[in-house]
Amino acid sequence: MHARTTHKLLDYINGSVRLVRMTNLIIIVITQYFTRILLIGPPQEWKAIIADPTMFLLSISTVCIAAAGYIINDYFDIKIDIVNKPDRVVVGRYLKRRWAMGAHQVLNILGALIGLFVNHWIFLIYILCITLLWFFSDRYKRLPFNGNFIVAALTGMTLLMLTVLFPENRKLVFIYAVFSFFISMIREIVKDMEDMKGDAAHGCRTIPIIWGIAKTKKILYGWIILLILTMFLMASSLKNPTLLFLFIILLIPISILTLILFRSDTRKDYKKLSSLCKLIMLLGLLTMIWA
């Protein structure tokens, strides 16, 4: 009996960690602190920045909103996920649906209240994010472009919201927010290619389902070209040769991404592309050290 209880507890903990995408939440925290220390600065005061309670509360509230978004996404996607990734289904297997919905509401309220304590503009941004995440999970993710755009925009927003409280070097932060937006947009479309089977079975109208894989690849090539042009134009506008050099280095993994995209034709290939997009995102964030 004791062993069974322990096993259930471990399943509950493991399911909860997977449900809120703990790795992604950690990346959000690291990204925000990297941005605050390296882009906004001054970097030499990193200890004071890490100890800053305002920055801590901002990061915690962002994590609460993001975790709530992951939960509600899985809540609405149970049937689709059973087809696309049955081994990763959490809601209904490890956690009851009502518990998932309750956790979603508690995290949203907690995140919004902390945001209100930090700054009224941050609070309004969170209300917007909560609303978009709900409609994304319930409706927009099943439509072409809409869902992809919302997720990409919210990814960039995790950086941009820092400039509300810390306006220094706002243009530099904006460049990295735009970079995050483009890579996230590309990754979301790739994930739609990966999840075509389950999405099609449940009436989703994603880009690959409507236009097919060949046209979706052409759309992705367009986004990659737009990403490259935008990054170099924005870096040139700041007259920052170091940033230009860093973006040139990033062309290497972006070129590899393009080559793999050209050759890909299986779900396994698209999964690799999705992982590579995440790697490029992390490499881009690492360039903050020298930017």
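One residue stands out in segment 185-198 among those that are open to solvent by 10 Å² or more (accessible area, probe 1.4 Å) and of a type outside the set (Asp, Glu): the one that is modelled with the lowest pLDDT, namely Lys197. Of the residues making up segment 28-73, those that are open to solvent by 40 Å² or more (accessible area, probe 1.4 Å) and at pLDDT 90 or above number 18. Among what's in segment 224-236 and is of a type outside the set (Ser, Thr, Tyr) and loosely packed, with under 15 Cβ neighbours inside 10 Å, pick the residue that is modelled with the lowest pLDDT. Only one residue tops the list, namely Leu233. Exactly one residue out of Ile125, Ile150, Ile114, Ile130 is in contact (Cβ under 8 Å) with a residue 60 or more places away in the chain and either out of contact with any Leu (no Cβ under 6 Å at 6 or more places or on another chain) or among the aliphatic types (A, V, I, L, M) (or both), and it is Ile130.
Scanning segment 263-271 turns up no residue that is assigned to a helix (DSSP H, G or I), small (Gly, Ala, Ser) and either more than 12 Å from Phe179 (Cβ to Cβ) or modelled with pLDDT of 95 or more (or both). Within segment 269-285, being touching a residue at least 60 places away in the same chain (Cβ under 8 Å) and of a type outside the set (Phe, Trp, Tyr) holds for Lys271, Leu273, Ser274, Cys277, Lys278, Ile280, Met281, Leu282, Gly284, Leu285.
Restricting attention to segment 135-147, and to residues there that are without any contact (Cβ under 8 Å) to a residue 60 or more places away in the chain and in contact with a Phe, Trp or Tyr (Cβ under 6 Å, 6 or more places away or on another chain), which single residue is surrounded by the fewest Cβ atoms within 10 Å (Cβ to Cβ)? It would help to see each step written out before you state the result.
To start, the set of residues in segment 135-147 that are without any contact (Cβ under 8 Å) to a residue 60 or more places away in the chain comprises 135, 139-140, 146-147.
Applying the additional criterion that residues be in contact with a Phe, Trp or Tyr (Cβ under 6 Å, 6 or more places away or on another chain) yields 146-147.
Details: Asn146: 16, Gly147: 23.
The qualifying residue surrounded by the fewest Cβ atoms within 10 Å (Cβ to Cβ) is Asn146.
Could you look through segment 160-196, keep only residues that are touching a residue at least 24 places away in the same chain (Cβ under 8 Å), in contact with a helix residue (DSSP H, G or I) (Cβ under 6 Å, 6 or more places away or on another chain) and among the charged types (D, E, K, R), and pick out the one that is nearest to Ala235 (Cα to Cα)? That would be Glu168. When the residues of segment 210-223 are filtered to those that are surrounded by fewer than 20 Cβ atoms within 10 Å (Cβ to Cβ) and of a type in the set (Val, Ile, Thr), the one that is farthest from Leu261 (Cα to Cα) is Ile210.
Does segment 154-163 include one or more residues that are at positive phi and in a loop (DSSP other than H, G, I, E, B)? Give the steps one after another, and end with the answer.
Let us first name the residues in segment 154-163 that are at positive phi, namely none.
Checked against the condition, which is being at positive phi and in a loop (DSSP other than H, G, I, E, B), segment 154-163 yields no hits at all.
The values are calculated or read from the model by the stated rules, or taken from the named source; none is laboratory data. Computed from a predicted structure; not experimentally measured. Cβ: placed from backbone, ideal geometry, glycine included. Neighbour counts: every protein chain shown. Heavy atoms of the whole protein, side chains included, go into the accessibility calculation; ligands, DNA and RNA do not. Shrake-Rupley method; radii C 1.70, N 1.55, O 1.52, S 1.80 Å.
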